[in-house]
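Each value in this text was obtained by applying a stated rule to the coordinates, not by laboratory testing. Only a predicted model underlies this, so the values are computations on that prediction, with no experimental measurement involved. Cβ sites come from the backbone with ideal geometry, for glycine too, and all protein chains shown count toward neighbours.
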Amino acid sequence: MSNDVTSGATAHLDLPTDDVHVSATTPRRSGLRWLLLAAGLVVALALPWFIYPPIAMDIACWALFAISLDILLGYCGLLSFGHAAFWGGSAYCTGLVAVHYGVPFPVAVLAGMLFAMLIAVPIGYLSVRATGIYFAMVTLAFAQMIYFIANQWRDVTGGENGLQAVPKSFFGIELVETESFYFYYAALPMILLGMWAAWRIVHSPFGRVLVAIRDNAPRARALGYDVETYKVVAFVLSAGLAGLAGGLFAISHGFVSLQEVNWTTSGKVVLMAVLGGIGTLWGGVVGAGFIVVLEDYMASSGFEGIGIVTGSVFVVVVLLFRRGIWGTLAHHLGRRRQAGTRD
Amino acid sequence: MAMNELLQYTIQGLAAGSFYALAALGLAVIFGVLGVVNFAHGACYMLGAVVAAVLQDTLGLGFWPALLVVPVLLFLFGVVIERLLVRWLVGLDPLYNFLLTFGLTLLLVDLVKRQYGVSGLPYERPEVLTGQIEVGGVGLPIYQLFVFGFSLLICALVWLLMTRTRVGMIVRAATERSDLARALGINVGRWVTPVFGFGIALAGIAGVLAAPFRAITADMGSNFIIILFAVVVIGGLGSIVGAVVAGFLVGLVEAFGQAYAPTYAQIMIFVLMAVVVLVRPAGLFGREEAAR
Amino acid sequence: MKRKAAVSAAVLSAGALLLSACGQGGPGSDGGAISDDKLVLAVLNDQSGVYKDLSGPNSVKAVEMAIADFEEKHGDDAVTSEIEVVSADHQNEPDVANTKAQELYDRELADVILDVPTSSAALAVANQAKTKQKLFINVGAATTELTGEQCNKYTFHWAYDTYMLANGTGAAVTKEGGKNWQIIYPDYAFGQDMENSFTAAVEAAGGTVGGTIPTPFPNDNFATFLTKAAAKNPDVIGTMQAGGDLVNLVKQFNEAGLADKGIELAVGLMFITDIHSLGVEQFAGTSFTDAWYWNMDEESRAWADRFLEETGTRPSFAHAANYSAATQYLEAVQRAGTDDADAVVGELEGLEVDDVFLRNGEIRAEDHRVIHDAYLARVKSPEDVTEDWDYEEIVTTIPAEEAFRPVEESGCSM
């Protein structure tokens, strides 16, 4: 990690490190946390009343996907540009299990999630040998391999036509199976569970070691941590959460297409995570909400070229608001509160 | 017969590799001096072809002048991008510039789509370069030979520039031994902008060369950039020679893969990359200690 | 920490139950002749990507033309005077198409969705049509699955499909004298389907397929494959490449001078918009199957002139087919006196019909494949082109019953 080729001179990610290091929270902060948590839950529960339910479900899935990416990007300093492999790999596995065995969808999604973690082991093992920008390129290339396999293995995946007619079986509850409004509430607990798991991962001792590795790998190694193993485990956990999100996405849409494993999907989730704020975890939710709603709006607006808008937004965010939406807000709030306590 | 085919596939592979080699060279030089992996490199390759087609359509600019004019225009484009955008992120984590150029790619591709449509642009080839020449009873397409020869020439010129001029030596030192270069107090600062433009111009040359030979669409760089990443991982990002050699190597793997195992041709490139990452993480020509 | 999670999960599920108890009402029709007092035709297609030129915004125009003609024809006798067009861009992403289709049916109250190019998107929309029990008339997609194993009662396939393209070109070119074939195809669902149909058609017409060569997709280097194919000295090289890949292949075909060696190039999937944007000289002499051509007769030309006035460009077959589909849908509603989906399906099934697009047309009741005459076209030489968009010469007409997959091979059961 001492050389330009792999990691750049010194890492300067604008990360809200205080959030990670300060684990003993003051009563005031913990009060705010509960307030935020409650607000978040209310928003999650109310969403399909204000937004078309399938779109609300899309937001929830992408939000968890963005969070899973942020575990790697924000807490390990590893930019995975191939996360579509896990989202899409799980989507296919979930879809196949649901189509062929007709099990209730949470079971199928769990199978997809396990599959994503399974393929993450070799990919992660190879990829973590590279760091920094190398890691991004290597993961991208591996994801492309998954894409080619999904495209070629037509008998199983349906190839270009996609895997169609994935059922939403849910213990025989008809409303959940036919109405997207009810499906949202059936799927939401899994999403929230995934988010909670992500939060646990980064706030555990394990998460703190990850941050230590991110900030100074040689020191972590000197302290006796097996840096590579930690990274692989983080990679596999992140892939599992991405898989959970992808599996639910497949069920929600009722089919799986090659788009799910394409590199543009990897790019989209990076966009969301960065837009929301690297290393903020919850920023991914904001980023996902923003992009999904924007794309949905643009699809009906008659404006050609969504990339012009998303690309410009992305360039502006990277140049001017590197903390992302959530990160910028948190930073300003934090500063004001700090100023307040000083008085 | 088998020998004939071998020769034909070799030429085809080297021609395909020429595009990768030129573009990878640009990518490597930019990375060396700025520490930036330019995701927009595929988009710049696309711009090279699109600009050549548009100039031919509007001004009647032919292929030969385009080989000179388009790289100059792309050089200027690169200078503007560096001054306006990339500059502000140098010194931060290189991921930011990777992300910036990713956003730029989305923007450029959709701008071209909006302006020039999606079905592609026509391009007329120079008459001299059409047809085949017979070599020992084998018909070899002249254009492919030309692409290979021309890109070798460009690579040789770049090599001369790197080894015989002061600027070049500074750039090369920065690319291949950035730590040493810094330790010795070599200042690359004022070369940053022109080097970025130069790297973009190399992608532009690849684009012009592709114009008569490949479909000119806004998306032509999307697949290209991903293979290009595999190329630089195989060659080693910090190596100028590595970029060129890996470029041609990947072109050959592609051509022979297509000939003998067409379904797996593209996967083979990524398998090769995986093997290289496993055995030599720094790439075939990268310095081993650089990977850790 | 664990307790906290348990509590929040409990709160959550309680909330979910509460919400579902007082949830929204399901979609439903009120039983009137025209639901919601208006007829809504939705065009869902690619307005920004590769199929923008082929269908895109101008398909919406074509549907508007159909409505205007319908209103003019029936005047006060029309079943309703409230007819609307809505449109959405699916960006060629099946996910977007899927969500947009639901939204169009549920929120925009669409009675029918038209167009939908891209096979995966079309199949996703077909599934939505089946669930929502609303009509879907596909024009833009090529997959035979729509009228095959994934067919359903509410989905119709109007203009063309892979079988028609491959069968038309394969059989017609073979009958024209191209007996000995090599086939190059992209190795994914579309290409494999095309290759199968092509080989079958060539062999049925008395030709032989000497070899089939799969290629990666997408791909920009076809030189190797062309070399391999040409080495066998075929009369014809058939390519199933489409879009950008097709252009790559044609450029490299020309570059290798294969036409001079007496090898003909037959194309599986090509649209007039491809010829227009890349220049007729790129494709001169290649044969392909077209579903309709704007300059093929007086009737078509008259309609194409109107289209030109409306849009400033000549129509592709997809534009004409969207016009035709919208017209026949409206007529069916008129006859049924209601927009009830089952009644309209009943009116459409088995209908034999001629219009500007459909010649000797029949809406097959068994699989909802709309069959009609198709055409083997050859791209003109640049010197024969007399006006804008004058690119095709119709070589032969392929009768409706030969052009499409026989119903017994479809594998469709509704």
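Karplus-derived 3J(HN,Hα) values for region C:370-379, using 6.51 cos²θ - 1.76 cosθ + 1.60 with θ = phi - 60°, are 8, 9, 6, 4, 10, 9, 8, 10, 10, 6 Hz; glycine and proline are entered as x. Between the exposed loop cleavage positions of chain C, defined as GluC sites (Glu not before Pro) in a non-H, G, I, E, B DSSP state with at most 14 neighbouring beta-carbon atoms within 10 angstrom, the longest gap is C:150-386.
Comparing A:ALA239, A:ALA299, A:ALA250 in a Gaussian network model of chain A, where Cα atoms under 10 Å apart are tied by springs, the biggest mean-square fluctuation is seen for A:ALA299.
Mean per-residue shielding of peptide B:3-11 is 2, counting Cβ atoms of other chains within 10 Å of each Cβ.
Computed from the C-beta positions of C:ALA68 and A:PHE303 and an R0 of 30 Å, the FRET efficiency is 0.70 to the nearest 0.05. Of the DSSP H helices in chain B, those that are both long (alpha-carbon extent of 24 Å or more along the helix axis) and hydrophobic (Kyte-Doolittle mean at least 1.6) are B:63-84, B:142-164, B:192-210, B:240-260. Spin-label pair B:TYR264-B:GLU127: with each label point 7 Å from Cα along the Cα-Cβ axis, the two points sit 4.7 nm from one another.
Of the residues B:GLY168, B:GLY32, B:GLY17, the one that moves most in a GNM of chain B with alpha-carbon contacts below 10 Å is B:GLY168.
Would you mind telling me which residue in C:ALA256, C:ALA400, C:ALA266 has the biggest mean-square fluctuation in a Gaussian network model of chain C, where springs connect alpha carbons within a distance under 10 angstrom? Judging by the Gaussian network model, the answer is C:ALA256. Rounded to the nearest 20 debye, the dipole size of region A:53-263 about its Cα centre is 740 debye, using +1 on the Cβ of Lys and Arg and -1 on the Cβ of Asp and Glu. To the nearest ten degrees, helix A:27-50 and the longest principal axis of the Cα atoms of chain A are 20 degrees apart. Helix A:227-253 and the longest principal axis of the C-alpha atoms of chain A enclose an angle of approximately 40°. For B:LEU84 and B:LEU152, what is the calculated FRET efficiency with R₀ set at 30 Å and r taken between the beta-carbons, to the nearest 0.05? Given R0 = 30 Å and the Cβ-Cβ separation, E is 0.30. Hand me the trypsin sites (Lys or Arg not before Pro) from region C:48-120 located in a DSSP loop with no more than 16 other Cβ atoms within 10 Å, in residue order please. Counting only loop positions with at most 16 other Cβ atoms within 10 Å, the trypsin sites (Lys or Arg not before Pro) in region C:48-120 are C:ARG107. With axes computed from alpha carbons, what is the tilt in degrees of helix C:317-336 against the longest principal axis of chain C, rounded to the nearest 10 within 0 to 90? With both axes taken from Cα atoms, the answer is about 40 degrees.
Under the classification rounded if a/c is under 1.5, otherwise prolate if a/b is larger than b/c and oblate if not, where does the protein assembly as shown fall, given a ≥ b ≥ c as square roots of the Cα gyration tensor eigenvalues? Judged from the Cα gyration tensor, the protein assembly as shown comes out oblate (a/c at least 1.5, b/c at or above a/b).
With a simple spin-label model that places each label point 7 Å from the Cα along the Cα-to-Cβ direction, the separation between A:ALA46 and A:LEU329 comes to 1.4 nm. Straightening the chain between A:ALA222 and A:LEU36 buys 63.1 nm, computed as 0.36 nm per residue apart minus the Cα-Cα spacing. Taking the centroid of alpha carbons for each part, region B:87-121 and region B:244-274 are 27 Å apart.
So which of C:LYS52/C:LYS134; A:LYS268/C:LYS100; C:LYS61/C:LYS251; A:LYS168/C:LYS100; C:LYS261/C:LYS380 end up more than 28 Å apart, counting from Cα to Cα? Violating the 28 Å limit, Cα to Cα: C:LYS61/C:LYS251. Contact order, relative form, for chain A: 30 percent (alpha carbon pairs under 8 Å, 6 or more residues apart, mean separation divided by residue count). Label-to-label distance for A:VAL293 and B:ALA183 is 5.4 nm, based on points extended 7 Å past Cα in the beta-carbon direction.
Stokes-Einstein diffusion for region A:53-263, with the hydrodynamic radius set to the Kirkwood value over Cα pairs and evaluated at 37 °C in a medium of 0.692 mPa s, equals 191 µm²/s.
Contact order for region B:185-278, expressed relative to its length and based on alpha carbon pairs under 8 Å spaced 6+ residues apart, stands at 20 percent. Taking θ as phi - 60° and the Karplus parameters 6.51, -1.76 and 1.60, the scalar couplings of region A:198-205 work out to 4, 4, 4, 4, 6, 9, 8, x Hz in sequence order, x denoting glycine and proline. On the basis of the beta-carbon distance and an R0 of 45 Å, A:HIS100 and C:ASN233 show a calculated FRET efficiency of 0.45. Computed extension length for A:LEU319-A:PHE171: 48.4 nm, one decimal, from 0.36 nm per residue of separation with the Cα-Cα distance subtracted.
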